[in-house]
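Step one of this worksheet: look at the structure below.
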Amino acid sequence: MAENESLESVPEHERILQEIESTDTACVGPTLRSVYDDQPNAHQRFMEKLDARIRNHDREIEKMCNFHHQGFVDAITELLKVRADAGKLKVQVTDTNRRLQEAGKEVIAQTEDSIRCRIQQRNIATVVDKLQLCLPALEMYSKLKEQMDVKRYYSALKTMEQLENIYLPKVGQYRFCQIMIENLPKLREEIKDISMSDLKDFLESIRKHSDRIGETAMKQALQQKTFHIALHKQTGMNYKKSACVVNGIVPEDDHRRSEQNADEDGEPEEEVLTAQDLVDFSPVYRCLHIYSVLGDKETFENYYRKQRRKQARLVLQPQSNMHETVEGYRKYFSQIVGFFVVEDHILHVTQGLVTRAFTDELWNMALAKIIAVLRTHSSYCTDPDLVLELKNLIVVFADTVQGYGFLVNRLFDLLFEIRDQYNETLLKKWTGLFREIFETDNYSPIPIANEDELRTVISKFPFQDSELDKQTFPKKLPMSQSVPQIYMQVKEFIYASLKFSESLHRSSTEIDDMLRKSTNLLLTRTLSGCLQNLIKKPHIGLTELVQIIINTTHLEQACKYLEDFITNITNISTETVHTTRLYGLSTFKDARHAAEGEIYTKLNQKIDEFIQLADYDWTMSEPDGRASGYLMDLINFLRSTFQVFTHLPGKVAQTACMSACKHLSTSLTQMLLDCELKQISMGAIQQFNLDVIQCELFASSDPVPGFQGDTLQLAFIDLRQLLDLFMVWDWSTYLADYGQPTSKYLRVNPSTALTLLEKMKDTSKKNQLFAQFRKNDRDKQRLIETVVKQLRSLVNGMSHHT
């Protein structure tokens, strides 16, 4: 059995040995471990087997060594032979190497120098190539700095674009390039800030120069307008040409104006600068381009428009005392025109910075403000010359801005409002002129000593009188000196009104209508008011009133010449449809009627003054036998006064005379019936009757021609019948015929008779006449009482009937 185990372990040991032989020494551990893992004594047996294998290999080695020993010996022998030669060769090689090293030192040095130069040359070429690549970027950056220094910011921005897009990307790996790239945004912001600062300076500059720019533009518009007017004059289209001659007269004012225009035409024209000459617009162009390049154009446009809106509001704000002088208005208009001239220039030379819609919006805002300002400040103007100059400024202003494409219709509508105010200031001025004329008038006919004086008056006033022409010099014109002065002032007013109507772009028909309406206002309001005030003045006496009536008559007759005067100015016939007629006829008629009424009033006042001088002794027993002195003075005054009335129209003199007589009759009657008068004697009645007889004699003497029969005496008929009733003591007839149309005492009122009878009854106790009645005829006393009772019953019956 032990033999069987040994036989089985033999192949296993062979395998292990083969594995040891064929395996790397480092990996033999696991193989050897398997030897110890086998059956007991397997290690001893493996060692035996290993020794046997070693002995086999030793034998094979020995066989091989024996086989190659002779060759080895031969090789050693040959090697020993070569060793001597190798020593010699070594010495020779060493010597040769020494000599070679000594000979190659210089070559090595030169080679090293050559290598070093080649390296330097290669480096230089590399540097040159790199510099050639960097130089354009550096040159462009240097150019950028120069452009910044000389303030060529738009070009600088273009240079920045080239740097960023072309040059810097090629040299982006260098540090200086990074520094440049970091500086470019800062430079852009710097350019934006500088350009915005320049824009602010530009805005401030145009704000300061707006008035000069506007003044220049308005001068150009005025020159153009003057040229067109001169052209129209040369072609005979100026309607004012026909206004120079009216009634064969050349007004001095027109003559002076024509000479003045001729002088102005002869003056050399002053060179007019344009807006570009006064303001440098390059900052706004530059800023616009800069912001456009930076892609921020919208921000710039918004800023510019916002600032211009603010400036527009400042320009439209007038000075508080602008209305005091025309220079205030001129500066105001010049600033506005200058503002919009600048905007129009910006509109046409830039694209999108200012649009037509924006300028129209600004103009509409400005126009509303301008109209409100002019309405306010023009209302303070009281000088018509200043209002006229304001109108001329508005026209030039409107023509100027209209030339830049802005609508100005509302300005011309405003001029019509100002025209009414101008007319009001003219009316106030002419009120003063008329008053001065009336105050300096002597209210007496104009004396004419010779033909020259007559021609001078007729040159001012269209007077014609064939009867007066037949008279020899010296002679007198019926009107006073105020008539030609008033007529000339009316014509001057028409000229003044015409001045405002010029250049309003209105037709001749409209101008004619405006002239006639303003003249009507002058006649119906101003002149009429002055006449009415003149007539009411206390120092104006009857003689002056008579002369005023004569004056108004001649002024009324001259109205047709004023019609022709306006027609010659406007070339619009009075027969044209819708032509306004002058109301001078009614004006002078009203003034004449007022003067007539004042004559009647002053006559009555004068009569009252004489009546107040009456000093009757109401208790006198017998009359004086002659009329009272005050009444004779009154009649003499009336006679002399009515002699002055010979120049008045017949009806006026007759009416004045009839009014005076009626007032005298009424005043005398009221004197009898005065409630303060308690007693009247028969003697006083008789004395009073003598005065009334003188009045009737005056009435029958025909103090004013034209009365038919005893018409004027009828003014005293009431008083006459009352006195006759008491003088005759015909109470029975009065009471019997009362109420009958044929009654002898038809005009005696029972209450009047009762009042006077009671005054006489109260004196019966003191009057001797009534005392005799009581003694001799008591029946008559009872008759008086009976009459009083009957009169009272009539008065009561009248009151009940009423």
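In the chain, the calculated helix contribution to ellipticity at 222 nm averages -25500 deg cm²/dmol per residue, counting -39,500 (n - 2.57) for every DSSP H run with n ≥ 4. Multiplying the residue separation of residue 282 and residue 525 by 0.36 nm and subtracting their alpha-carbon distance yields 81.4 nm.
Find the centroid of the Cα atoms in the stretch 737-763 and in the stretch 134-177, then give the distance between the two in whole Å. Their Cα centres are 132 Å away from one another.
In what order, largest first, do 330, 782 sit by accessible area if the probe radius is 1.4 Å?
Numbers: 330 85, 782 125 Å².
So, going from the largest accessible area down, we get 782, 330.
Leaving out same-chain residues fewer than 8 places away, which lysines sit with a Cα under 24 Å from that of residue 158? Within the straight-line cut-off, residue 158 pairs with 143, 145, 170, 186, 192, 200, 297. Taking Rg and Dmax of the Cα atoms in Å as calculated from this structure, the corresponding entry among (i) 27.6, 86; (ii) 68.8, 240; (iii) 27.4, 93 is (ii).
Put 626, 99 in order of accessible area, highest first, and with a 1.4 Å probe you get 626, 99. Per residue, the accessible area of the stretch 621-704 comes to 44 Å² when a 1.4 Å probe rolls over the protein heavy atoms.
Run the quick spin-label model on residue 640 and residue 158: label points 7 Å from Cα toward the beta carbon, then report their separation in nm to one decimal. Each label point lies 7 Å from its Cα, and together they span 10.7 nm.
Is the stretch 42-129 rounded, prolate or oblate when judged by the Cα gyration tensor, a ≥ b ≥ c being the square roots of its eigenvalues, rounded requiring a/c under 1.5 and prolate requiring a/b larger than b/c?
Numbers: a/c = 7.23, a/b = 2.12, b/c = 3.41.
Oblate is the answer for the stretch 42-129, as a/c is 1.5 or above yet b/c matches or exceeds a/b.
Each other residue within a Cβ distance under 14 Å of residue 397 adds +1 if Lys or Arg and -1 if Asp or Glu, for a net charge of +3.
On a per residue basis, the stretch 42-129 carries 89 Å² of accessible surface, using protein heavy atoms and a 1.4 Å probe.
Net charge in the neighbourhood of residue 185 (other residues with Cβ under 11 Å of its Cβ; Lys, Arg +1, Asp, Glu -1) is -1.
Applying 1/(1 + (r/R0)^6) with r as the Cβ-Cβ distance of residue 465 and residue 420 and R0 = 56 angstrom yields a FRET efficiency of 0.90.
Considering only 527, 197, 18, the residue lying farthest towards the positive end of the dipole of the chain is 527, judged by Cα position with unit charges set on Cβ. Measuring only protein heavy atoms, the 1.4 Å probe finds residue 616 accessible over about 30 Å². Comparing 370, 285, 402 along the charge dipole axis of the stretch 281-406, the residue lying farthest to the positive side is 285, per the Cβ-charge model. Other residues with beta-carbon under 11 Å from the beta-carbon of residue 92 carry, at +1 per Lys or Arg and -1 per Asp or Glu, a net charge of +2. Too long at a 24 Å Cα-Cα cut-off: which of 475/651; 429/537; 331/428? Over 24 Å apart, Cα to Cα: 475/651; 331/428. Applying a length cut-off of 27 Å (Cα extent along the axis) and a mean Kyte-Doolittle floor of -0.5 to the DSSP H helices of the chain leaves 326-349, 356-378, 384-403, 409-440, 482-501, 650-672.
Of all the accessible heavy-atom surface of the chain, with the other protein chains kept in place and a 1.4 Å probe, what percent is carbon and sulfur? Let's see the in-between values first.
On the way: 23520 of 45450 Å².
Carbon and sulfur: 52 percent of the exposed surface of the chain.
Toward the positive end of the charge dipole of the chain, with +1 on the Cβ of Lys and Arg and -1 on the Cβ of Asp and Glu, the farthest Cα among 65, 751, 79 is that of 751. Suppose R0 equals 25 Å. What FRET efficiency, 1/(1 + (r/R0)^6) with r the Cβ-Cβ distance, do residue 730 and residue 678 give to the nearest 0.05? About 0.50, to the nearest 0.05. The lysines whose alpha-carbon is closer than 20 Å to the alpha-carbon of residue 789, local same-chain residues fewer than 8 away aside, are 678, 759, 761, 765, 780.
Ranked by accessible surface with a 1.4 Å probe, highest first, in what order do 658, 180 come? Please report the intermediate quantities before stating the final value.
On the way: 658 35, 180 15 Å².
So, going from the largest accessible area down, we get 658, 180.
Separation of the stretch 47-106 from the stretch 586-635 is 191 Å, based on Cα centroids.
The values are calculated or read from the model by the stated rules, or taken from the named source; none is laboratory data. Given the structure is predicted, the values throughout are model-derived calculations rather than measurements. When we count neighbours, we look across all protein chains shown, and the Cβ atoms used for this are built from the backbone with ideal geometry, even at glycine. Keep in mind that these areas ignore ligands, DNA and RNA; they rest on the heavy atoms of the full protein, side chains included. Shrake-Rupley method; radii C 1.70, N 1.55, O 1.52, S 1.80 Å.
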